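Contents: one structure, followed by commentary.
The values are calculated or read from the model by the stated rules, or taken from the named source; none is laboratory data. These figures come from a predicted structure and were not determined experimentally. Positions of Cβ are generated from backbone atoms using ideal geometry, with glycine treated the same way; all protein chains shown enter the neighbour counts. To get the accessible areas, we keep the full protein, side chains included, count just its heavy atoms, and leave off ligands, DNA and RNA. Shrake-Rupley method; radii C 1.70, N 1.55, O 1.52, S 1.80 Å.
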Amino acid sequence: MTTAVPVAILTIVGAVPWRLTEAWWLETGVVTALSVATIAVVRDLTGQRIPDRVVLASLVPTGVVVVVMIGTEGIGAVPDVLLGAAAFAVPLLAAHLASPAALGFGDVKLAGSLGAALGLVDWRHSVVALCIASAITAAVALVRRRSEMPFAPGLVAGAALVLILATFEGSLRWR
């Protein structure tokens, strides 16, 4: 089975719970960005690498939504997208620079992409997503008694959990 099938399934299933609102393109863009990022999870688990083309592909839906938002609402969404990307990626960049063997640059780039998508909703969700991602990855490493773990699964899970929690809380921008 190709990786396109799980991405399509996740996009459809992820968008179903949300009713179509005035900003249906926003929710579809965020869910699609997270769905495409699941390819990075598969690649990180199987080959311990996150290809640049996967990270760029996960940025495309966010970029499309930003262009639409600029056209309809002005430039107001751009700072939130940039803050979201920075809040998710900069701490990982610092860890990567301190110890490149401990954390790959692909994880940093993926975090930036996911943070940008979360920034469409609320950039502060990126901080919470990073905490959740770190906790999930550390917990799995402890349970499996491993000193090395791929971080992409935790990053995507953290971003998805933050969106799920925000949906139940009602704090999403499109609600």
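Of all residues in segment 68-97, those satisfying the criterion of being among the β-branched types (Val, Ile, Thr), open to solvent by 70 Å² or more (accessible area, probe 1.4 Å) and at pLDDT below 85 are Ile70, Thr72, Ile75.
Would you mind stating whether Val108 is among the β-branched types (Val, Ile, Thr) and surrounded by 21 or more Cβ atoms within 10 Å (Cβ to Cβ)? Yes: the conditions hold for Val108.
The set of residues in segment 69-98 that are within 26 Å of Phe151 (Cα to Cα) and among the small types (Gly, Ala, Ser) comprises Gly84, Ala85, Ala86, Ala87, Ala89, Ala94, Ala95, Ala98.
In the condition set (1) open to solvent by 40 Å² or more (accessible area, probe 1.4 Å); (2) closer than 23 Å to Thr28 by Cα, Arg146 is compliant with all but (2). The residue list Thr38, Thr28, Thr21, Thr46 contains one member that is polar (S, T, N, Q), at pLDDT below 80, open to solvent by 20 Å² or more (accessible area, probe 1.4 Å) and assigned to a helix (DSSP H, G or I), which is Thr28.
Taking segment 112-160 as the range and being over 20 Å from Thr46 (Cα atoms) and among the β-branched types (Val, Ile, Thr) as the test, the residues that pass are Val121, Val127, Val128, Ile132.
For beta carbons closer than 8 Å, sequence separation of 6+ or different chains, a first residue in segment 90-118 that is hydroxyl-bearing (Ser, Thr, Tyr) and a second that is open to solvent by 20 Å² or more (accessible area, probe 1.4 Å), the qualifying pairs are Ser113/Leu59; Ser113/Ala85. Please go through (1) in contact (Cβ under 8 Å) with a residue 12 or more places away in the chain; (2) over 14 Å from the mean Cα position of the chain (by Cα); (3) surrounded by fewer than 18 Cβ atoms within 10 Å (Cβ to Cβ) for Ser134 and return the number of the only condition it doesn't satisfy. If we test Ser134 against (1) in contact (Cβ under 8 Å) with a residue 12 or more places away in the chain; (2) over 14 Å from the mean Cα position of the chain (by Cα); (3) surrounded by fewer than 18 Cβ atoms within 10 Å (Cβ to Cβ), just (2) comes out false.
Being in contact with a helix residue (DSSP H, G or I) (Cβ under 9 Å, 6 or more places away or on another chain), at pLDDT below 85 and open to solvent by 50 Å² or more (accessible area, probe 1.4 Å) holds for only one residue in Leu161, Leu172, Leu165, and it is Leu165.
Residue selection: Pro100 satisfies the criterion of being open to solvent by 40 Å² or more (accessible area, probe 1.4 Å) and not in a helix (DSSP H, G or I). Within segment 52-67, which residues are open to solvent by less than 20 Å² (accessible area, probe 1.4 Å) and among the aliphatic types (A, V, I, L, M)? Of everything in segment 52-67, those that are open to solvent by less than 20 Å² (accessible area, probe 1.4 Å) and among the aliphatic types (A, V, I, L, M) turn out to be Val54, Val55, Val65. Filtering segment 116-131 to residues that are surrounded by fewer than 20 Cβ atoms within 10 Å (Cβ to Cβ) and under 14 Å from Ala166 (Cα atoms) leaves Asp122, Arg124, Val127, Val128.
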